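Here is the structure we will look at.
The values are calculated or read from the model by the stated rules, or taken from the named source; none is laboratory data. In this text the structure is predicted, and so the values were computed from the model without any measurement. Cβ atoms come from the backbone with ideal geometry, glycine included; neighbour counts cover every protein chain shown.
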Amino acid sequence: MNNPSCKHWGIDIGGTTTILGYLANDSFKTVSTIQTIPSEGPEKLLTRICRIISNIDNSPRSIGAGIAGLVDRKNGILIYSPNLLNWVHFPLQEKLSDTFRCPAVIDNDSNTFAIQAIDSGEITSDGLVLLITLGTGIGGTIVHNGTILYGTGYAGEFGHMTVNASGEACPCGSHGCWERYASAEALVRYFKRTGSDSENADAKKIARLAEAGNETALKAFEEFGEWVGVGLANLSHCLSPSKIFLAGGLVKTFNLFIEHARNEFNRRCPYEWNVSALSSCSDAGAEGAAIMGRVSFQ
Ligand SMILES: [Zn+2]
């Protein structure tokens, strides 16, 4: 049997992309970004991940994975993911451990982003801080004095906070969830509502158009920003955070929506606006997952 390498691998499985990399000597190296294909199911994605990692490291020290969805950390099971519809009660931790013959640990992807931000010092160890990931869906993490709060295990599922009681149906089974109004899919919906030549629009294309001054795209970001503000006001009423960080794919478009979010926030609550984009890059979730493995299996 091979001796374990010194590499702690981290995987960030998002609704659209999956990022892989490893920590060695305290620095993180991103190895690959691949497409997540929700309809192919978890086993095929694991096969693709395995192929990439095995080409570089045939005996990882540990594997950590962050995944967009409801994660039972204690038992290492992905209970469900609204954006990965075939992944139900999937024993991800055991599958990773069996596949790579090394210890594995899993968590929600927003939490792995937070682990990286705590490790880098961007989320400081005092006060109550919220991290919100805006992307295919919305993820969230509550950090208190440098420690992630889990409640009974699932705290921070802000994306499924109801913001419109009779609103859009959500794959989670509820209606009017925040992520139906402030996610990439919602942005596309606002843009397409106007018809025209928007058949293949995605968030990136809409952002490019908005930056070029396209009125329809700017209007879509305005509506998106207002819904971001609605959710941030709700969370501030409930938790009174000292700081809110935004992360995830849509944070690249921060400047296109944040003033609309701020105006809506100020209309709905009296608290100080202290919201900024997390400066860490898009592979922070994978790095946080690797750090989680290093901390668990040093
Ligand atoms: Zn929902």
Cβ-Cβ under 7 Å pairs, at least 6 apart or on other chains, region 36-47 side small (Gly, Ala, Ser), far side part of a helix (DSSP H, G or I) and exposed (fewer than 13 other Cβ atoms within 10 Å of the Cβ) = none
task = Say whether the condition of being surrounded by 15 or more Cβ atoms within 10 Å (Cβ to Cβ), β-branched (Val, Ile, Thr), modelled with pLDDT of 95 or more and closer than 17 Å to Val105 by Cβ is met by at least one residue in region 30-45.
result = no
ask   = Do you know which of the residues in region 58-89 that are among the charged types (D, E, K, R) and assigned to a loop (DSSP other than H, G, I, E, B) is farthest from the chain's Cα centre (by Cα)?
value = Arg61
request  = Select from region 119-134 the residues that are modelled with pLDDT under 95 and either of a type in the set (Val, Ile, Thr) or under 24 Å from Leu45 (Cα atoms) (or both) and list them in ascending order.
outcome  = Ile123, Thr124, Thr133, Leu134
request  = Could you list, in sequence order, all residues of region 84-106 that are out of contact with any Leu (no Cβ under 7 Å at 6 or more places or on another chain) and among the polar types (S, T, N, Q)?
outcome  = Asn86, Gln93, Ser97
note = Residue pairs within 8 Å by beta carbon, gap of at least six or interchain, first lying in region 80-100 and within 11 Å of Glu43 (Cα to Cα), second of a type in the set (Phe, Trp, Tyr), listed first then second, are Trp87/Tyr80
task = For Lys44, state whether it is basic (Lys, Arg) and under 15 Å from Arg294 (Cβ atoms).
result = no
query = Out of all the residues in region 59-71, is one or more farther than 18 Å from Gly288 by Cα and within 16 Å of the ligand (Cβ to nearest atom)?
reply = no
note = Just one listed residue, out of Gly225, Gly213, Gly229, is part of a loop (DSSP other than H, G, I, E, B) and in the same structural domain as Gly140 (by TED's automatic domain parsing), and it is Gly213
remark   = When Lys219 is run through (1) within 16 Å of the ligand (Cβ to nearest atom); (2) farther than 24 Å from Ser282 by Cα; (3) of a type in the set (D, E, K, R), the failure sits at (1)
ask   = Which number in (1) in the same structural domain as Phe28 (by TED's automatic domain parsing); (2) more than 16 Å from the ligand (Cβ to nearest atom) marks the one condition that Asn108 misses?
value = (2)
message = Being within 15 Å of the ligand (Cβ to nearest atom) and in a loop (DSSP other than H, G, I, E, B) is the filter here; which residues of region 182-199 pass it?
response = Ala182, Ser183
remark   = Of (1) out of contact with any Leu (no Cβ under 8 Å at 6 or more places or on another chain); (2) within 16 Å of the ligand (Cβ to nearest atom); (3) among the aliphatic types (A, V, I, L, M), Leu235 satisfies every one except (1)
task = Hey, can you tell me all the residues within region 82-108 that are touching a Pro at 6+ places or on another chain (Cβ under 8 Å) and polar (S, T, N, Q)?
result = Asn83, Asn86, Ser97
inquiry  = Consider region 243-286. How many of its residues are of a type outside the set (D, E, K, R) and assigned to a loop (DSSP other than H, G, I, E, B)?
reply    = 11
query = Filtering region 128-153 down to residues that are of a type outside the set (Val, Ile, Thr) and either under 29 Å from Tyr190 (Cβ atoms) or within 11 Å of the ligand (Cβ to nearest atom) (or both), which residue is surrounded by the most Cβ atoms within 10 Å (Cβ to Cβ)?
reply = Gly137
task = Only residues in region 156-181 that are near the ligand (Cβ under 7 Å from one of its atoms) count as the first member; pair them with residues that are at pLDDT 95 or above and aromatic (Phe, Trp, Tyr), Cβ under 7 angstrom, at least 6 apart or cross-chain, and list the lot.
result = Gly159/Trp178
